[in-house]
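The values are calculated or read from the model by the stated rules, or taken from the named source; none is laboratory data. Quantities reported herein were computed from a predicted structural model and do not represent experimental measurements. For neighbour counting, all protein chains shown are included, and Cβ atoms are generated from backbone atoms with ideal geometry for every residue, glycine included. When the accessible area is computed, the model is the full protein with side chains, heavy atoms only, and any ligands, DNA or RNA have been set aside. Shrake-Rupley method; radii C 1.70, N 1.55, O 1.52, S 1.80 Å.
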Number of protein chains: 2
Amino acid sequence: MRKILLIGAGKSTSSLMNYLKEKSEIEDLHITVVDKNLDLAKRIMGDHPRVSLQNIDIFNDEARYNAINNVDIVISMLPARFHMQVARDAVKLGKHMVTASYISKELMELDAEVKAKSLVFMNEIGLDPGIDHMSAMRVIDQIKSKDGKMLLFESFTGGLVAPESDDNLWHYKFTWNPRNVVVAGQGGVAKFLHAGEFKYIPYHKLFRRTEFLNIDGYGQFEALPNRDSLKYQNIYGLEDIRTLYRGTIRRVGYSRAWNVFVQLGMTDDTYEMENSEDLTKRDFINAFLPYSPTDSVELKLRQYLKIEQDDELWFKLLELDLFDDKSKIGLKNATPAQLLQKILEDKWTLKPDDKDMIVMYHKFGYKQGEELKQIDSQLVVKGDDQIYTAMAKTVGLPVAIATIKILNGEIKTPGVQLPITAEVYNPILKELEDYSVVFNEKEVPFQCYNPNFVAG
Amino acid sequence: MRKILLIGAGKSTSSLMNYLKEKSEIEDLHITVVDKNLDLAKRIMGDHPRVSLQNIDIFNDEARYNAINNVDIVISMLPARFHMQVARDAVKLGKHMVTASYISKELMELDAEVKAKSLVFMNEIGLDPGIDHMSAMRVIDQIKSKDGKMLLFESFTGGLVAPESDDNLWHYKFTWNPRNVVVAGQGGVAKFLHAGEFKYIPYHKLFRRTEFLNIDGYGQFEALPNRDSLKYQNIYGLEDIRTLYRGTIRRVGYSRAWNVFVQLGMTDDTYEMENSEDLTKRDFINAFLPYSPTDSVELKLRQYLKIEQDDELWFKLLELDLFDDKSKIGLKNATPAQLLQKILEDKWTLKPDDKDMIVMYHKFGYKQGEELKQIDSQLVVKGDDQIYTAMAKTVGLPVAIATIKILNGEIKTPGVQLPITAEVYNPILKELEDYSVVFNEKEVPFQCYNPNFVAG
């Protein structure tokens, strides 16, 4: 019997747990799930002979060490900053490890020891990072194997609401940490390569430099650039590439309206507002507008940001009751970003029957002989319900599949790694298709320059 | 004979040194000037019997201690971060101290000891901070002494080029550290009070929220808000004030054009640009504009920021040769702000015969009985030449005058302080008038709301 330790049983682990449970007989597994809160684990795992649920304090060195010592492989679904204690124990005890988080410098320092002990430490194997790496590298390796020379790689991912549950003008609901959505794009310039030119977009212009995308069967979307599109340039082997761009997908119109918050300063998370506990939504907006003894907050906002009264954008703002002065937002010592998040959470939370949706889009431009070619690859995954969300499926299933394949010796190259080799991505992408995670790849005419790139 | 130690003899100390030299006989002074570079001191002090110029290393603890031990009062014109070592020695040795810098928390911690030894540690006694404190508090105290209740205080300062030396479309030249001009307004939201409402302006809107001012005989100016207008609210005793705003003065049109740099991201000092040493000015701008296979950098910029081809603003950009692709800017590993500074320094440096100009404008709104009243107070100081600049006069003379008055016991209230009491501001403002530093104070109709406030 092979023993698996899963540390952390939060929302994004539902599909991961369910997969392991379902494979437990045929793969001869025993699964130990450890968390402070085991409600979700109990609901999914039930009372299963091959599963133990334990309320161990993972920050207790002895308890953690013993738990890891007792298994063959450890999956850490803790927040990324807590992985290192687990990783140090795992390498010491000679256990494999899997996470869906970015590889930290600290973790990379264990690489030599991990290799010396022939261990696999697989990371960045969720959705983004994860499925994006695997689906991109499969195509890039294909192109290179046919002597194609990569010219362009653009990659976009979005966590959205499924069309059947889409009932607001923003066409958006929170399917992920709301805080990350509110402060998205902050903390550094957005940097990418376009036709050989380095391009930089400051935060306050980010939501006006979007690009349109069409997803077959799902219509039009928009994408805004991520912070550092060049991060994986060398890792993907794209040293000579001319265009390299990674972005976040939203429904068309979202960014233009979100830009109102950015322009006003309502997404700022660096200072606390005076008397924040007393502010109504109307006061909150008014704090970013000039004083006037006569003009309404509505008029001042429209004049300040030049919004016409019948602009779709205006109705998006009204839908949020932004000008309400009846009730307080009710947060003490809050930053603008925290107040905005509170306002949006009241409006953009998934209802019990709502389904979420993951969208991913890669474009690969390349030269084969004298010919310029392009492959577009698209993925849409919808959630089943509020437990088995698209987010939980796409984050958790690759982690679960990788875990079994490491146990089975199918994935065996040792080291601290991310899923960019054929040994890893081929079997995992293949099995993901059984769970409706299927990329639609097709040849299209090469476009170095997207005429739908909007600079407004 | 009273002995003065002046530490630091940079550009802003010319008038300070000259004042001390001229007063040295009548006030029975001996002045020791210490700096690594004594060129300016030699030029101003010449070979004077009451002056010694010394090349002491002020970071050598023993040398500094001995130098301070030998005098009655120390003036530190070092960069602010170096004051503390001097201050610790001074308090230990029982010597007075004068600086033109903001009072740091560290310095304030010496207050009890300074008071116990009956010493005066006078700070923030240059121009801004300095003359602004004194000229404002004189009027505020007057108003309060007549039972006036302060409703509004707005205060603006600018270091500009004198009209007779103004020969560029920006009506601006560097008279101060250029770096501070390029990154002005960054590092935090601008916060102020307007008619009882707290207002916040994010950096990317700062240059679009200007206010117009008229200075008698000098025409129209504009002002943009400083970072924290509320900093001196309690220190000035303005707890119940309704409007509190501090700002920076420029000539009209400067901010609207500077906003182009802000919008593009050219003032960002947080990251280094790729291959910065190879960039021409044209490349530099293009890095912030969308890629296009067909459109010129000029067209892209005009379209992106919606600039009409005959807009005055456009000619300001052309005047800087911003689209030149002949020569490299020539800075390695440079941030956008560093590259922009280099471009501007080539254009905005004072010529040998140019004169600078300091402009200050305070507005005091108050209620006396049932009557709403306002006093406006204006100051214009021009430089004599490139040595005795308006900046050097307005920064150095209050420091010098305060030093003598402390020695003479006219300023005697002990403690770490800034010049906000009548004991300090009355004699200093009076003597400053002999040097053409004269405020023009007049009653005007009360304006709670400036109709010339522009929110564009």
* To do: Find the chain A residue whose Cβ sits closest to the rotation axis that carries A onto B, and give that distance in whole Å.
  => A:HIS204, 2
* Structure fact -> Distances in nm between the label point of A:ASN70 (7 Å along Cα→Cβ) and its equivalents in the other copies, shortest first, are 7.7
* Rounded to the nearest 500 deg cm²/dmol, what is the calculated helix-only ellipticity per residue at 222 nm for the protein assembly as shown, with -39500 (n - 2.57) per DSSP H run of length n ≥ 4? -> -9000 deg cm²/dmol
* Could you give the size of the charge dipole of the protein assembly as shown about its Cα centre, using +1 on the Cβ of each K and R and -1 on the Cβ of each D and E, expressed in debye and rounded to the nearest 20? => 980
* What total accessible surface area, summed over both chains, is buried at the interface between chains B and A, computed with a 1.4 Å probe and given in Å² to the nearest 100? -> 3400
* Given the protein chains as shown and a 1.4 Å probe, how many square angstrom of B:LYS367 are accessible, to the nearest 10? -> 70
* Mind listing the label-point distances from A:SER436 to the same position on all other copies, shortest first, one decimal in nm, points 7 Å along Cα→Cβ? => 8.2
* Determine the shape class of the range B:158-219: with a ≥ b ≥ c the square roots of the Cα gyration tensor eigenvalues, call it rounded for a/c under 1.5, and otherwise prolate if a/b is greater than b/c, oblate otherwise. => oblate
* To do: Report the relative contact order of chain B, percent, no decimals, based on alpha-carbon pairs under 8 angstrom and at least 6 residues apart.
  => 22
* Could you state how much accessible area A:SER327 has, in square angstrom rounded to the nearest 10, with a 1.4 Å probe and all protein chains kept in place? => 60
* Using only the Cα atoms, what convex hull volume per residue in Å³ does the range B:268-348 have? -> 103
* To do: Run the 1.4 Å probe and let me know the accessible area of B:CYS448, rounded to the nearest 10 Å².
  => 50
* Structure fact -> Sorting A:TYR232, A:TYR291 on solvent-accessible surface, 1.4 Å probe, most exposed first, gives A:TYR291, A:TYR232
* Could you order B:HIS133, A:HIS48 so the one with the most accessible surface comes first? Probe is 1.4 Å. => A:HIS48, B:HIS133
* Asked: What is the sum of charges around A:LYS36, taking Lys and Arg as +1, Asp and Glu as -1, for the other residues whose C-beta is under 15 Å from the C-beta of A:LYS36?
  -> 0
* Structure fact -> Residue-normalised value, i.e. accessible area per residue, for the range A:157-263 at 1.4 Å probe, in Å², stands at 33
* Structure fact -> Residues whose modelled amide H sits under 5 Å from the amide H of A:THR280, counting only those 5 or more places away in sequence or on another chain, are A:ILE329
* To do: In nm to one decimal, list the spacings between the A:ASP346 label point and its equivalents in the other copies, with label points set 7 Å along Cα to Cβ, shortest first.
  => 5.5
* Asked: Between rounded, prolate and oblate, where does the range B:333-456 land on the alpha carbon gyration tensor, with a ≥ b ≥ c its root eigenvalues, rounded for a/c under 1.5, else prolate if a/b exceeds b/c?
  -> oblate
* Asked: For the range A:2-123, with every protein chain kept in place, what is the accessible area per residue (1.4 Å probe, Å²)?
  -> 47
* To do: Kindly identify the protein assembly as shown as rounded, prolate or oblate by the Cα gyration tensor criterion: order the square roots of the eigenvalues as a ≥ b ≥ c, call it rounded if a/c is under 1.5, otherwise compare a/b with b/c, prolate if a/b is larger, else oblate.
  => prolate
* Structure fact -> The answer for GluC sites (Glu not before Pro) in the range B:249-333 that fall in a DSSP coil and have at most 11 neighbouring Cβ atoms within 10 Å is B:GLU308
* Asked: Under the Kirkwood approximation for Rh and a Cα-based Rg, what ratio Rg/Rh is obtained for the range B:2-123?
  -> 0.95
* Asked: Per residue of B:185-193, what is the mean number of Cβ atoms on other protein chains within 10 angstrom of that residue's Cβ?
  -> 2
* Taking a cut-off of 18 Å between Cα atoms, list the aspartates and glutamates near A:LYS367, but don't count ones fewer than 8 places away on the same chain. => A:ASP141, A:ASP147, A:GLU154, A:GLU239, A:ASP240, A:ASP376, A:GLU441, A:GLU443
* Where q = 0.09, 0.10 Å⁻¹, what log10 of I(q)/I(0) comes from the Debye formula for chain A, counting one point per Cα? -> -0.66, -0.81
